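Here the structure comes first, spelled out in structure tokens, and everything after it is commentary.
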Amino acid sequence: MEARYVSVLIVDDEYSVRDSLQRWFKSYGCQVETAADATEALNKFKEQSWDIVLLDIKMPGMDGIELQRRIKAIDDNIIRIMITAFATVDTAVLALKEGAYDYISKPINPAQLDHIIRNAIEKRRLISEAAFLRKKVDELLLPDEIIGESSGIRKVLEMVGEVAKTDATVMIRGESGTGKELIARAIHANSKRRYFPIITINCGAYPEGLLESELFGHEKGAFTGAQFTRKGKLELANNGTLFFDEIGNVGMKMQMDLLRVLETKQFSRLGAEKVSSTDFRVISATNLDLEQAVREGKFREDLYFRLNVFTLSLPPLRERPTDISLLAGHFLDKFAKSMNKPVGGFSEEAMQVLLNYHWPGNVRELRNVIERAMVITKEEIIKAAELSLPFHADGGPPEVDSLEEAEKLHILRILNKTNRNITQSAELLGIERATLYNKIKKYGI
Amino acid sequence: MALIYITLLQPMRAAYLEGLPELLQDAFHARTRVVESDIDISFAFHQSLNQYHGSAILLRLTETAPPEASKILGITEVDLFVPVFDFLFGEAQLGGAGALMSTFRLRNELYGLPADEELFYERIGKEAIHELGHAFGLVHCFNPACVMNPSTFVEQIDNKSKDFCRQCRRLVEDETAKA
């Protein structure tokens, strides 16, 4: 921020002080006005906002200390600098305790004032920049894909609004592709922690040892290959939110470690003796039947209760068919814009196909189907043939030509067979869980 | 072409102006004229501060400026102040006719350092260009090398150059072209 963009109000009962300070600030190019007393100064605030206010402590009527309180109440970001001819420590300390940025005593040393003003301008610049960035962050954080008018999704959004105000631990339940991560981000974006990070841990994507390292971080030499000290996600999430996706896939040892961290908010990096503290909100998500896992002894009951404080259940897309056309239209507009294609809608037949499909991959699958259709289409309307859905509206057998389609269908079949248990599905398919996750993501199933 | 009056306000040794007219001619593409003022600045003396009221002198200086002068720069050896500030190197009317400067705080000896005549003249030159720059409508510049960078202690004067930065140069050329 350059000085010429800074507005300065000088409040002093002595004309000569106002006059010389006004000229001094004008020589910096600042927009500057003066007021002879508190009443005139407060009136100036009705006309416009000020970046910096210099105010005399001793003035007839309302004194500078009281005036700076009033200005603080108007806008705490206004930088208040007190001027005092009575440079006692008590007066200065009182002014600073009341929230003044600094104080300067008469007669003013130009070098001292120059220093204070340069710092104040820099602070003002940082305040403006922070406000601008906050606005940008807010815009970026607004999840635009939680769309729907069905009562199911409306209820979820209402609950998101309520729970976001608190710091409560949240568990999000729902089938794969229903938008659990989006809901987690929506909670974080509306919480007081929103200016700190939300760190996602896909618990199913890491083998146990690696998950431990991801979570806790490690010291250099903690294990073979640990060439550098690395911060874990617990540290990165400090003051923010930690989102455990697929929490049901965490192994027993890790469950115990996790429980300890959640209870104490303390941890040690792998290979470190020092215990560190961290502060985060926990949101977890799963598509598994955790209660069943607890009964079978596969998931610790104490961890389950620790995580399951507030539950949000996301309805699958097939249970909110009224939202399908809305979501399809939203994705169409989004991709038309990003791909710069003048596609304006769906043919009647295409829309029927979308509405009749049972969407096992939920919103993610719908999104991917629309994206693919947008890539393929050369028309202004998306046709049914361009929707590469594995099962068509009539429920007949899928027409599969490519190896990719065959793979997608096979994975889908196995997922349905295991009730979307990733570990079991990966075992049946003979691939790593991480590979399976990648394929689920790739195919949007 | 602008005409700058360099006015000696007594007490002021003319010898201190060595090279100054040429420096100002170069900086502002202007003509200069050195004159001795008959203003008695004792009216601006403040007994308890042992300093002279800069704004009062500047006002008197501009009131008595010859009509052909585009700008008038007063130079004196006395220590200047304006109310609320404890001292000033110089003062100017922003975009106005007059500027005033003092050589009092430009000497090394005041700070307990050995005398350095070359540095002293250099400081006089920079301060004169700076104050006249204000009179030509320029405000302080945060480019540390620019002569319009604010100086509140002598080391700041030494740190900057006697030249305008590119942006200030453009502004001053616009202004001097009008004069």
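Read the figures in this text as sums done on the coordinates, not as results from a lab. All values derive from a computational prediction rather than experimental measurement. Backbone-built Cβ (ideal geometry, glycine too); neighbour counts: all protein chains shown.
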_Run the reach check for B:Lys160 against lysines, Cα to Cα strictly under 19 Å, same-chain hits fewer than 8 apart removed. What comes back?_
B:Lys126
_Cα-based shape type of segment A:1-87, given that a ≥ b ≥ c are square roots of the gyration tensor eigenvalues and the cut on a/c is 1.5_ = oblate
*Compute the signed sum of charges (Lys and Arg +1, Asp and Glu -1) over the other residues within less than 10 Å, Cβ to Cβ, of B:Glu117.*
-3
_Euclidean distance of C-alpha centroids, segment B:1-60 and segment B:100-141, integer Å_ = 12 Å
*If you find the alpha carbon centre of segment A:189-236 and of segment A:42-74, how far apart are they in angstrom?*
49 Å
_Given a Förster distance of 51 Å, report the FRET efficiency between A:Leu96 and A:Ile431 from their Cβ-Cβ distance, rounded to the nearest 0.05._
0.20
*Against the longest alpha carbon principal axis of chain A, how many degrees, from 0 to 90 and to the nearest 10, is the axis of helix A:403-417 turned?*
90 degrees
*chain B: most fluctuating residue of B:Leu119, B:Leu80, B:Leu110 per GNM, C-alpha cutoff 10 Å*: B:Leu110
*What full-extension length gain, to one decimal in nm, is calculated for A:Ala385 and A:Gln424 as 0.36 nm per residue of separation minus the Cα-Cα distance?*
10.6 nm
*Net charge over other residues, Cβ less than 14 angstrom from the Cβ of B:Phe104 (K, R count +1; D, E count -1)*: -2
*At 222 nm, what helix-only mean residue ellipticity would chain A give, in deg cm²/dmol to the nearest 500, using -39500 (n - 2.57) for each DSSP H run of four or more?*
-15000 deg cm²/dmol
_As I understand it, the value is the acute angle between the Cα axis of helix A:110-141 and the longest principal axis of the Cα atoms of chain A; what does it come to in degrees, rounded to 10?_
20 degrees
*Check cross-link reach from A:Lys123 to the aspartates and glutamates: straight Cα distance under 17 Å, and skip same-chain residues fewer than eight apart.*
A:Glu2, A:Asp51, A:Asp75, A:Asp76, A:Asp102, A:Asp114
*Mind checking the mean number of beta-carbon atoms from other chains within 10 Å of the Cβ atoms in B:136-145?*
3
*For chain B, calculated [θ]222 nm from helices alone, where every DSSP H run of n ≥ 4 adds -39500 (n - 2.57)*: -9500 deg cm²/dmol
*Treat the protein assembly as shown as a sphere of radius equal to its Kirkwood radius over Cα pairs and apply Stokes-Einstein at 4 °C in a medium of 1.567 mPa s; give the translational diffusion coefficient in µm²/s, rounded to a whole number.*
42 µm²/s
*Once you have all Cα-Cα distances for segment A:191-283, histogram them in 10 Å bins from zero and send the whole-percent values.*
17, 51, 29, 3
*Would you mind checking the pairs A:Lys44/B:Lys71; A:Lys135/A:Lys442; A:Lys253/A:Lys417; A:Lys231/A:Lys253; A:Lys58/A:Lys97; A:Lys136/A:Lys337 and listing those with alpha carbons more than 26 angstrom apart?*
A:Lys44/B:Lys71; A:Lys135/A:Lys442; A:Lys253/A:Lys417
*Along its principal axes, what span do the Cα atoms of segment A:254-378 show, with the longest given first and each in whole Å?*
62, 34, 21
*For B:Val147, enumerate residues with amide H under 5 Å from its amide H, sequence gap 5+ or separate chain, H modeled in the peptide plane.*
B:Ser161, B:Asp163, B:Phe164, B:Cys165
*How are the C-alpha pair distances of segment B:14-71 spread across 5 Å bins, as whole percents from the shortest bin up?*
4, 15, 19, 19, 22, 13, 7, 2, 0
*Measuring from the lowest to the highest alpha carbon on each principal axis, how far does segment A:79-218 reach, largest first, in angstroms?*
72, 44, 25
_Using only Cα atoms and rounding to the nearest 10 degrees, what angle (0 to 90) does helix A:180-189 make with the longest principal axis of chain A?_
10 degrees
*Spit out the partnerless Cys residues in the protein assembly as shown, using Cβ distances under 4.7 Å as the pairing rule.*
A:Cys30, A:Cys203, B:Cys168
*Find the relative contact order for chain A and round it to a whole percent, using C-alpha pairs within less than 8 Å whose residues are 6+ positions apart.*
12 percent
*asked:* If I model a spin label at A:Thr229 and B:Glu63 as a point 7 Å from the Cα along the Cα→Cβ vector, what separation in nanometres do I get?
replied: 7.1 nm
*asked:* Less than 15 Å apart at the alpha-carbon level, and either on another chain or at least 8 residues along: which aspartates and glutamates does that give for A:Lys155?
replied: A:Glu319, A:Asp323
_Under the Debye formula (equal points on every Cα, no solvent term), log10 I(q)/I(0) of chain B at q = 0.11, 0.12, 0.15 Å⁻¹_ = -0.42, -0.50, -0.81
